[in-house]
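To start, the structure itself, in structure tokens.
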Amino acid sequence: EAGVAQSPRYKIIEKRQSVAFWCNPISGHATLYWYQQILGQGPKLLIQFQNNGVVDDSQLPKDRFSAERLKGVDSTLKIQPAKLEDSAVYLCASSFPRYEQYFGPGTRLTVT
Amino acid sequence: SQQGEEDPQALSIQEGENATMNCSYKTSINNLQWYRQNSGRGLVHLILIRSNEREKHSGRLRVTLDTSKKSSSLLITASRAADTASYFCATDGRHNNNDMRFGAGTRLTVKP
């Protein structure tokens, strides 16, 4: 069974630039999550989708972050414009509702 | 906000010893999950325990849940150097639709 795919694996940008991350969840998983993990901390939930609808985006900085999940499968997370404090690993995970999550390898973002 | 809080923040033991990590949370839950994260990698699901369960085993892992104290513990028996990783608990809030909250994690080092 293929796992959660994410791209790119690494990204370096300058502050005020924009960046986009892509996630392909495990086939059949209705729930998709985006997390931000700052070095030394636990993952922080940014947004949760159930199919193509948003369930929770209470911790998403909506002035600069946006996410979509068209057709309830793949998802993209965008940051525009990026700030230095956005440097982190961005993790995508998917699951059946209320079951364990399967995580992708993450995208390590460095904002200079 | 993060729901689970792991204790201790860091733990260093010798190979063969047992490692115990604790997790406390604040609100009612549907289930509690433990995850492992090796340095630079995504999270891997270890075990899920539901709110009506008190103890669960998986190989060398033993998880307990005390809903009256809002706490859980993860015991790794006969630890190995390969168990070196960060361990996170995550809670699925009963009053929220499957939103997951992770703690800051316990960094376990197993010395060979």
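A short reminder: the numbers here are calculations on the coordinates, not readings from a lab. Nothing here was measured: the structure is a model prediction, and the numbers come from that model. Here the Cβ is made from the backbone with ideal geometry for all residues, glycine too, and neighbour counts use every protein chain on show.
Things to note:
- One quarter of the convex hull surface built on the alpha carbon atoms of the protein assembly as shown amounts to 12.1 nm², the projected area averaged over directions.
- Based on every Cα atom in region A:32-84, Rg and the maximum pairwise Cα distance Dmax equal 11.4, 34 Å.
- Ordering of B:69-82, A:2-15, A:87-100 by burial proxy (mean other Cβ atoms within 10 Å per residue, highest first): A:87-100, B:69-82, A:2-15
- Three semi-axes of the equivalent ellipsoid, region B:5-111, Cα gyration tensor, whole Å, largest first: 23, 14, 11
- Within the shell defined by Cβ-Cβ distances under 15 Å, the residues around B:Ser79 carry a net charge of +3, with Lys and Arg each +1 and Asp and Glu each -1.
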